[in-house]
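Coordinate-derived values only; no laboratory data. Predicted, not measured: the structure shown is a model, and the values here were computed from it. Heads up, the Cβs are rebuilt from the backbone with ideal geometry, glycines too, and the neighbour counts pull from every protein chain shown.
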Amino acid sequence: MTEKIKDSSAKVISSAKDMSKVLEDGGILIRKVLGEFMMISDGIIEVNASMEDVRERSDEGMKAIGKVAEGMEEVASTSEKMASSSEETSATIEEQTSAVQQLNDTMNSVREYASNTYAEMIENFKGE
């Protein structure tokens, strides 16, 4: 009976360690994705600035390109919406990263509790 409890406890501890590693790896990947989203957001801001410059030159250079300038304005608006959405996504990823870290901390607490409980059970069985 003691061996079964010992084996089960060891499996629980091993599973908790594995889960902790998976969660930690997930947090690292989420941080990488967040970095990429931030780079995309920066790129979109630069694209918006470039598009505004092109629109001004087009208006000054050729009045016939007025329709093109209006289309570019719509694209700029869409890009701003995309940048805003990207920022929201980044914030969500930060929240998820925080949640993963909290879960990782909880798993570490569970692992520590399981280890302590296992040690206490061993001591109790030795005492009997």
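I'm trying to understand the selection: among the residues of region 76-128, which are aliphatic (A, V, I, L, M), loosely packed, with under 14 Cβ neighbours inside 10 Å and under 30 Å from residue 43 (Cβ atoms)?
91, 99
Under 8 Å by Cβ, and 6 or more places apart or on different chains, what pairs join a residue from region 92-112 that is farther than 16 Å from residue 31 by Cα with one that is of a type in the set (Ser, Thr, Tyr) and in a helix (DSSP H, G or I)?
Listed by first residue and then by second, the contacts come to 107/20; 108/20; 111/20.
If you go through region 74-104 one residue at a time, how many are more than 30 Å from residue 13 (Cα to Cα) and not basic (Lys, Arg)?
18
If I filter region 25-56 down to residues being under 22 Å from residue 89 (Cβ atoms) and charged (D, E, K, R), which single residue comes out as surrounded by the most Cβ atoms within 10 Å (Cβ to Cβ)?
31
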